[in-house]
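The values are calculated or read from the model by the stated rules, or taken from the named source; none is laboratory data. Computed from a predicted model, the values in this text were never measured in an experiment. Note that we place each Cβ from the backbone using ideal geometry, even for glycine, and neighbour counts take in every protein chain shown.
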Amino acid sequence: MSDLTKTQNRGRSNARTVLKRIFEIREIVIFLLVMLLAVFMALNHQQFLTTANVRIIGNYMATDMIIGAFLTISLIAGNTDFSVGSNMGCSAFVCGLLLNAGYSIPVSIAGGLLVGCVIGALNAFIIVNLKVLPMIATMGTWMTFKGVGLMIINSRALSNFPVAFKNIVQEGSVFGIPILIVVMLIVTVTASLLLKYVSFFHQAYFIGSNKESARISGINVTKFVYVLYILIGFFAALAGVLSISRYGSAPASLGQGVEFRVISALLIGGVSLNGGEGSIAGTFLGILLMALIANALTLFAVDANLQNVLIGAIMVISVAIDEANRRRQK
Amino acid sequence: MPDDAGPGDGAGCKSGGRDSLLKDYILQLKGITKEFPGVKALDNMQFFLKRGSIHALIGENGAGKSTLMKVLSGVYTPDTGQIILDGIPERIANPIDAERKGISIVYQELSVFPTTTVSENVFTTNPPKNKAGFINYRKMHKEVRKLLDTYGFTDIDEKATIRNLSVGRQQIIEILRAVKQNAKVLILDEPTSALTERETEVLMEIMRTLNKEGVSIIYISHRLEEIFQICDTVTIMRDGQYIKTLAVENTSKDELVKYMVGRDVVYQYGAGSNEIGEELLRVENLTYKKEVKNVSFSLHRGEVLGLAGLEGAGRTEVLECLFGICHAQEGKIFLEGEEIRISSPEAAKANGLAYLTKDRKNKGLYLRMSIADNVLAANVDRFTRKGLMQFQAARSSAMEYREKFQIKTPDVDKKVSQLSGGNQQKVLLSMWISRKPQILLIDEPTRGIDVGTKEAIHRLIRDFAKQGMGVIMVSSDMPELIGASDRIVSMYEGRISGQLKLEQITEERIMAQTSGLTIDTKESET
């Protein structure tokens, strides 16, 4: 073989490995998928790129992302939380009841957020002190607080909130960007920076990668678990409060099913249920992809149930690709 | 003597006189060699088991006893050699094949199924079935009941869940499982290491009963006492090689110990080359569950203290109590004369302790992460400024130690799982020594590591101690203990069974102390 063909071969195989590398990074794959879908939509539906539609997509994904950000950090450390949906509902109902009882807006919001934190702390207590697996513990609280939430509102939707409260989300904006989207962006960027640069949060990778080693390395796993679950609880409650402000009412079904939607998005975005892997960017892209699919189906007036079919398929396929990559690396 | 009968080749079976001679042996292993990458685990090993004998197989940790038994039970295929069972040369393909041919083995580690019943554990692979092919539980329970009664365990319920039984009882169920296979040859690999004295008695009773029924037994144990109680023949092996077979009645513990040791190559890892300073750490009356009983010792600056003992003697638990992973019920720990409390690994770290586990893959390293991340993980506190992670500092620290410890890797971003065992151990050392601890606790520092890297790791440990720090090293590797320790503390069944100063250290003495034979050696010393 001449030197020339050798170099050519090397060049070609280099290109191939670069391509392989790209496909081994989940964020890039999902990003390409998002772009593909966005370009397709932009070319095929004139409404897609309008400000109104972008706003719809942003609002659609906002609550999921507000919940998903810190859930991602916790899942990287190997601790899942299925109670976020019930927490979101329960906290929002408490906030709504306080408003209807005549308490001031700040007090009512604080009350709702406090409930979220308490549910989070309870999760951590069950996991750390009672040594119940996170999945089981949070499925327990998921069901419990679903019931509690419906009990405190007698299964009837809450409404008649003060106009000032409704206006927070309905009218509020920063530089013309709706407040819900602004909050989402702030939470996303903050969580992303915390996870990357702040020691306490960065420990998530160590704990998730090998809990035993982390314990022996002298990492305070207990403290980490408590802080993360309380934060998740806080942001689930915030998502709930923002939702009822946006709708102007609190439907009894508020928050139901959110937990599975968010965790699916996390898995699509590259978070591993085994812990140790994932990023906020991946989660953001996962949630964005889901929002785009929902939006596309709405714009084309296709059966909305197709959304579930697509999301389910994408989730399984993307996790399967990851497993294949891992096996190959071994 | 089997010694003399041994070297005949199996092909000679046809000649009449020899045939009757060989028939005496239920099992013959000849010229067995098994090589693993870098180690010759078995080297032309032979073993002859007489029909109806209880035959002990002894040797140090790593002598190759378990490997030999794994060859016999079909877990490993030997590179060369012959297995002759009841006069017929056999190839044993796998453990099920071994069972079919009448060889049953009870391993040192329990392999019962904790959530299932006693009966199900006895009949794991071949439960009695009815005509439709369903499991016949009535028949199964009845048979197990009969079996339990036969061996005098009238108080064990055949329907009890395994995890509710004591470890000793679980071990007994395992032996019954082996018995149930109608074994011709039963192998017991250190069955008593987890048993109480009572349970050991019971086990011996079972062995005698089985033996009367014609089962030949190979008994592996570190407890020399037991060999004199129950065995008739003993074979000693060392470094994968056959050393000698003796009739138990014609030998003594001292003679056995002498055959077990006696190595030609002496490794030198710098024992005695450091200046020993003042006391750094003192442990008084440390007690943890049943694992550690009333343990007291001290460690000095510049010293590498070897902690000798058998598997399960409580050495690892002592280290874990010192590092706050296990919580001692009693006992005091003094650092430079001042009492300290160590309630967690964080507290231990804050007091200048570092701990390297023997299970480095599962409990020490983060295999899926890079070298730099591993170094960072044990040093999060050191590499945090104003709450922010100092990735650059951690990275340069990892690079510094890559140079210092000569970790063979192009860059520190490589995943630790891609390194060799020796280099992984160096990464673990980097993680902890970069903290500049005062005391290094290290468990089996070179287990599974090639000879070249072994030396390098011992040089690092020695250099560390030389700076006036202290090292407590748990090791089951005799040359390592002798070559690297300035002083040796031996443990036996949770207690300190002896101490040896540098000039007193010999392989025989360590072996005696760690087998609980302290009294005997004192006699022989005078």
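What to note about this one:
- Set B:138, B:163: member being within 20 Å of residue B:113 (Cβ to Cβ) and either at pLDDT below 85 or part of a helix (DSSP H, G or I) (or both): B:163
- Taking the stretch A:162-251 as the region of interest, the helices (runs of 4 or more DSSP H) fully inside it that hold 2 or more residues being within 11 Å of another protein chain (Cβ to nearest Cβ) are A:179-197, A:199-209, A:211-216, A:221-247.
- Residue check for residue B:205: of a type in the set (D, E, K, R) and either within 26 Å of residue B:142 (Cα to Cα) or assigned to a loop (DSSP other than H, G, I, E, B) (or both): yes
- Odd one out for residue B:114 among (1) in a helix (DSSP H, G or I); (2) at pLDDT below 90; (3) not small (Gly, Ala, Ser): (1)
- Just one residue in the set A:295, A:325, A:308, A:274 is part of a loop (DSSP other than H, G, I, E, B) and either polar (S, T, N, Q) or within 25 Å of residue A:52 (Cβ to Cβ) (or both); that residue is A:274.
- Among residues of the stretch A:150-186 being without any contact (Cβ under 8 Å) to a residue 40 or more places away in the chain and over 26 Å from the mean Cα position of the chain (by Cα), the one that is surrounded by the most Cβ atoms within 10 Å (Cβ to Cβ) is A:151.
- Meets criteria (touching a residue at least 24 places away in the same chain (Cβ under 8 Å), away from every other protein chain (no Cβ under 14 Å), outside any helix (DSSP H, G or I) and farther than 18 Å from residue A:195 by Cα) for residue A:288: no
- Residue within the stretch B:127-141 that is within 32 Å of the chain's Cα centre (by Cα) and surrounded by 17 or more Cβ atoms within 10 Å (Cβ to Cβ) present: no
- Criterion: surrounded by fewer than 19 Cβ atoms within 10 Å (Cβ to Cβ), assigned by TED's automatic domain parsing to the domain that holds residue B:301 and closer than 24 Å to residue B:475 by Cα - qualifying residue of B:450, B:443: B:450
- The set of residues from the stretch B:340-362 being surrounded by fewer than 19 Cβ atoms within 10 Å (Cβ to Cβ) and facing chain A (nearest Cβ under 10 Å) comprises B:344, B:346, B:347, B:350, B:359, B:361, B:362.
- All of B:372, B:394 fail the test of being touching a residue at least 24 places away in the same chain (Cβ under 8 Å) and assigned to a helix (DSSP H, G or I), apart from B:372.
- Some residue of the stretch B:383-402 being within 32 Å of the chain's Cα centre (by Cα) and either among the small types (Gly, Ala, Ser) or away from chain A (no Cβ under 12 Å) (or both): yes
- Which numbered condition residue B:371 misses (of (1) surrounded by fewer than 22 Cβ atoms within 10 Å (Cβ to Cβ); (2) more than 9 Å from chain A (Cβ to nearest Cβ); (3) touching a Ser or Thr at 6+ places or on another chain (Cβ under 7 Å)): (1)
- Put simply, of B:50, B:14, B:65 the only residue that is over 28 Å from residue B:514 (Cα atoms) and either at pLDDT 90 or above or surrounded by 20 or more Cβ atoms within 10 Å (Cβ to Cβ) (or both) is B:50.
- Residue check for residue B:113: surrounded by fewer than 20 Cβ atoms within 10 Å (Cβ to Cβ), in contact (Cβ under 8 Å) with a residue 24 or more places away in the chain and aromatic (Phe, Trp, Tyr): yes
Conditions tested, residue by residue: (1) closer than 18 Å to residue A:217 by Cβ; (2) within 9 Å of chain A (Cβ to nearest Cβ); (3) free of Cβ contacts under 8 Å to residues at least 12 places away in the same chain.
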site	(1), (2), (3)
B:367	yes, yes, no
B:410	no, no, yes
B:425	yes, no, no
B:433	yes, no, no
B:441	yes, no, no
